[in-house]
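Engineer: Handing you this structure, nothing more for now.
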Amino acid sequence: MLALAHDIERRVRSGELDDLATAARAYGLTRARVTQIVNLTLLAPAIQEEILALPRVTAGRDQITERTLRPIVAEPAWEVQLRSWRDCVSGAGP
């Protein structure tokens with residue numbers, strides 16, 4: 001999802017897509033869902049790096065989902081995001 005978020009953001013910034021509503025139509029998603037996905041780009045860069053470095057899930061479900069990250073994304077301070085992220089990956093939850 002994070003890679004998709006960056007792709008959508010890149011396409012909007014480059015003018016390939018007019019806005020997030022256009023992106024939603026292009027990807028077959030609701031505008032709200034596209035906003036949720038693109039909001040992942042608001043995560044601290046260190047968190048984004050860790051997420052992108054996670055091993056690919058080949059069986060079962062991802063343990064870290066966009067929904068899991070919503071409370072972390074909602075926090076504007078990267079330092080607080082990092083603490084919440086550490087709690088999340090250690091199993092304590094955000």
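The values are calculated or read from the model by the stated rules, or taken from the named source; none is laboratory data. Keep in mind that this is a model prediction, so the values were computed, not measured. Every residue, glycine among them, receives a Cβ derived from its backbone with ideal geometry; neighbour counts consider all protein chains shown.
Engineer: When you go through Leu69, Leu52 one by one, which is the residue that is on the phi < 0 side of the Ramachandran plot and surrounded by 12 or more Cβ atoms within 10 Å (Cβ to Cβ)?
Structural biologist: Values: Leu52 fails: surrounded by 12 or more Cβ atoms within 10 Å (Cβ to Cβ).
The match here is Leu69.
Engineer: Follow-up question, since we're still on this one. Can you pull out every residue in region 55-66 that is more than 10 Å from the chain's Cα centre (by Cα), surrounded by 10 or more Cβ atoms within 10 Å (Cβ to Cβ) and not aliphatic (A, V, I, L, M)?
Structural biologist: Within region 55-66, Asp62, Gln63 meet the criteria.
Engineer: Follow-up. Kindly evaluate Gly15 against the criterion of being at pLDDT 95 or above and over 19 Å from Arg83 (Cα atoms). Give the steps one after another, and end with the answer.
Structural biologist: On the way: at pLDDT 95 or above: yes; over 19 Å from Arg83 (Cα atoms): yes.
Judged against the criteria, Gly15 is a match.
Engineer: In addition: Within region 39-51, identify whether any single residue is of a type outside the set (Ser, Thr, Tyr), in contact (Cβ under 8 Å) with a residue 12 or more places away in the chain and farther than 20 Å from Arg83 by Cβ, and answer yes or no.
Structural biologist: No, region 39-51 contains no residue that is of a type outside the set (Ser, Thr, Tyr), in contact (Cβ under 8 Å) with a residue 12 or more places away in the chain and farther than 20 Å from Arg83 by Cβ.
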